[in-house]
Amino acid sequence: MVIINWTNVTDFGDIPALANTATGGSFWVGILFMMWLILMILMSFFGFEVAIVTASFLALIMGLVLVYAGLVAWAWLMVFVGILLFMFLYIIWSTQKNR
């Protein structure tokens, strides 16, 4: 069990960072991927490709906010960039195959 030392909190910006401290840096990364999954499920009614592209783009935007807050590393955002690039290439390939 991790005990949080509240005397290290000197301003309001340190409070969200405590969640990462207690979980070894995986709390906000987990929140980001859960939001991506929830967005994918909510948008699945529009189609699989649309759901993945839209959820990945919105997760990338949310991830940028978390990166600039110092809660998530840049490397985790590259996952969403990779998914977007793969999906763009897949959509281009699948539409040219049908012609």
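Quick one: which residue in V50, V65 is under 14 Å from the mean Cα position of the chain (by Cα) and either surrounded by 12 or more Cβ atoms within 10 Å (Cβ to Cβ) or under 30 Å from N5 (Cβ atoms) (or both)?
Selected residue: V65, the only one of V50, V65 that is under 14 Å from the mean Cα position of the chain (by Cα) and either surrounded by 12 or more Cβ atoms within 10 Å (Cβ to Cβ) or under 30 Å from N5 (Cβ atoms) (or both).
Can you tell me which of (1) at pLDDT 90 or above; (2) touching a Phe, Trp or Tyr at 6+ places or on another chain (Cβ under 9 Å) is the one P16 doesn't meet?
(1)
Under 7 Å by Cβ, and 6 or more places apart or on different chains, what pairs join a residue from segment 22-38 that is of a type outside the set (F, W, Y) with one that is not in a helix (DSSP H, G or I)?
Partner pairs satisfying both residue conditions: A22/V2; A22/I4; V29/V72; L32/V72.
Look at segment 11-47 and say how many of its residues are more than 22 Å from V79 (Cβ to Cβ) and part of a loop (DSSP other than H, G, I, E, B).
Residues flagged as more than 22 Å from V79 (Cβ to Cβ) and part of a loop (DSSP other than H, G, I, E, B) within segment 11-47 amount to 3.
The values are calculated or read from the model by the stated rules, or taken from the named source; none is laboratory data. Predicted model only: the values in this text are computed from it and were never measured. Don't worry about glycine lacking a Cβ; one is built from the backbone with ideal geometry, like all the others, and counts go over all protein chains shown.
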